[in-house]
1. For A:Q25, indicate whether it is free of Cβ contacts under 8 Å to residues at least 24 places away in the same chain and either more than 14 Å from chain B (Cβ to nearest Cβ) or on the phi < 0 side of the Ramachandran plot (or both).
2. Out of the residues in the range B:14-33 meeting the condition of being under 25 Å from B:R297 (Cβ atoms) and away from chain A (no Cβ under 14 Å), tell me which one is nearest to the chain's Cα centre (by Cα).
3. Among the residues of the range B:219-249, count how many are within 16 Å of ligand 2 (Cβ to nearest atom) and either of a type outside the set (A, V, I, L, M, F, W, C) or modelled with pLDDT of 95 or more (or both).
4. Given the criterion more than 14 Å from every other protein chain (Cβ to nearest Cβ), over 18 Å from B:A267 (Cβ atoms) and surrounded by fewer than 17 Cβ atoms within 10 Å (Cβ to Cβ), identify the matching residue among B:K40, B:K104.
5. From the list B:E224, B:E180, pick out the single residue that is without any contact (Cβ under 8 Å) to a residue 40 or more places away in the chain, touching a helix residue (DSSP H, G or I) at 6+ places or on another chain (Cβ under 8 Å) and within 14 Å of another protein chain (Cβ to nearest Cβ).
6. Can you tell me which residue in the range B:298-314 is nearest to ligand 2 (Cβ to nearest atom), limited to those that are of a type outside the set (A, V, I, L, M) and within 18 Å of B:L270 (Cβ to Cβ)?
Amino acid sequence: MLKDETDKAIGPDVIPTFASTHRLQWEEAQDCHVILYPEGMVKLNPTSAEILQQCDGEKDVKTIIEDLQKKYSGADLEEDILKFLEVAHGNGWIRTK
Amino acid sequence: MAMAGSEQNKIPQPLWLLCELTYACPLQCPYCSNPVEMAKVKNEIATDDWIRVLREARKMGATQLGFSGGEPLTRPDLEELIAEARQLGFYTNLITSGIGMDEKRIKAFKKAGLDHIQVSFQASTEDLNNLIAGTDAFEHKKEMARLVKKYGYPMVLCFVLHRRNEDQIRDILDLCVALEADYVELATTQYYGWAYHNREQLLPTKAQLAHAEIVAKEYQEKLEGKMKIYYVIPDYFEDRPKKCMDGWGKVFLTITPEGTALPCHAARQLPGLEFPNVKDHSVDWIWNESPDFQKYRGLGWMKEPCLSCDEKEKDLGGCRCQAYMLTGDATNADPVCSKSPYHSKITDLVDRVDELAGTPELEEKPMVFRNMKNSREIIKKKSSETA
Ligand code: SF4
Ligand code: SF4
């Protein structure tokens, strides 16, 4: 199953992990990061790729948001990041605990 | 800038490489899409040839890789090819019946870097599964599915649907749930190769399809986010064709066991192709320059009714193989299309099956199982017909 009962809904204290059943990699020919999974490939824009790279199974969502906001000199990214993580979770790209 | 250069830039490069490593297979599925004349193929290309194909295709930008067959497990160099593919950055899929697999090999594939294993089942019950597969395979397949899970691969289960198992769809999906599948492909029988030979024996009835669609939807909704279920209505029951392979020479590249490059695995039967072989040409030349890959690329080859049709960009006139098989001319519209003057070839068959399903005339017609003996017989029959 791509997800099960142990998966938590996205929120500040949840820890996301990029799903081991998927692969995130840079594709020279596409000039972007892509997610590879059975039967498919999704092209990512640079921001989405960066968020997913943060989903290392250690940092919680709160920390991910803080880190990225710091990197982008204090821009308010919270809503965008949460929204994207929900989509990513819905698609099975990340698991949560 | 030279015209040739800018033209060439417009050709999309292959994303998906399918390596049919062998036609050897311990199963005998009557819906197999391998060519019925497969017994003619004597020489499989060597490991080095495959490695060169992988390198060249990857360099062109291919990311998805399928190892299929026949049964790819019969190739002893499979581990080596998987390792090379991983190192090149492919996302590698092993498409297998599971026969010839054991825990040791599953483990070795994981170590080599295999990304996923797609196990095909013939049905949800032992009897029917084994009848269709032509061998005793069901328990072993279930065991392999469990091991796929144990070693952390995404689990993709594939069921090919047809009249004999279509009504089992609920049991099939329950079996997938029990095995904790991540992805389920409810594949429609594609009427090429052996399946074309057996199409009267395999085509489902309209009532069966309507039922299957409802059940598939129900499970899709119930399991949303947990299990991804792919279900497509077979094109024989539609009045517009599918955009076959996403377009000729656009996304897919198939290499057959003896090294022939094809825009789709069924294309071998089409007349007038030259069948470039990877032993003689680079993958780049085959994709970008060879006459075969240009032949039905885009819209230039079309004639009426497709030529002046406002839907031609959408479906590209459908499948060239289906057009050829059912109308004798590969440049005709796919007869699935209701605008095709040959559309009745499809609807007549669908109606005939609807009328006769359940009667001995249809149900007792023997299926031609996919094996080398039957292949040789078909080849012999064809050559005596043309002699
Ligand atoms: S469809 Fe069946 S017979 Fe054909 S290659 Fe696959 S397992 Fe073998
Ligand atoms: S006429 Fe040709 S292009 Fe038009 S819908 Fe039918 S198959 Fe497609």
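1. Yes; evaluated as a whole, the condition is true for this residue.
2. Result: B:S33.
3. 10
4. B:K104
5. On the way: B:E224 fails: touching a helix residue (DSSP H, G or I) at 6+ places or on another chain (Cβ under 8 Å).
Of B:E224, B:E180, the one residue that is without any contact (Cβ under 8 Å) to a residue 40 or more places away in the chain, touching a helix residue (DSSP H, G or I) at 6+ places or on another chain (Cβ under 8 Å) and within 14 Å of another protein chain (Cβ to nearest Cβ) is B:E180.
6. Here is the first cut: in the range B:298-314, the residues of a type outside the set (A, V, I, L, M) are B:298, B:300-301, B:303-306, B:308-314.
Adding the requirement that they be within 18 Å of B:L270 (Cβ to Cβ) leaves B:298, B:300-301, B:303, B:306.
Values: B:G298: 13, B:G300: 13, B:W301: 12, B:K303: 10, B:C306: 3 Å.
It comes out as B:C306.
Matching residues to (1) exposed (fewer than 13 other Cβ atoms within 10 Å of the Cβ); (2) of a type outside the set (S, T, N, Q):
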| position | (1), (2) |
| --- | --- |
| B:A330 | no, yes |
| B:V336 | no, yes |
| B:H343 | no, yes |
| B:K365 | yes, yes |
| B:F369 | no, yes |
| B:I379 | no, yes |
| B:S383 | yes, no |
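Conditions (1) more than 30 Å from B:G113 (Cβ to Cβ); (2) part of a loop (DSSP other than H, G, I, E, B); (3) without any contact (Cβ under 8 Å) to a residue 60 or more places away in the chain, marked per residue:
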site: B:R164; (1), (2), (3): yes, yes, yes
site: B:I172; (1), (2), (3): yes, no, yes
site: B:L175; (1), (2), (3): no, no, yes
site: B:V184; (1), (2), (3): no, no, yes
site: B:E213; (1), (2), (3): yes, no, yes
site: B:E218; (1), (2), (3): yes, no, yes
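The values are calculated or read from the model by the stated rules, or taken from the named source; none is laboratory data. Since we're looking at a predicted model, the values are computed, not measured. We place every Cβ from the backbone using ideal geometry, glycine too, and count neighbours over all the protein chains shown.
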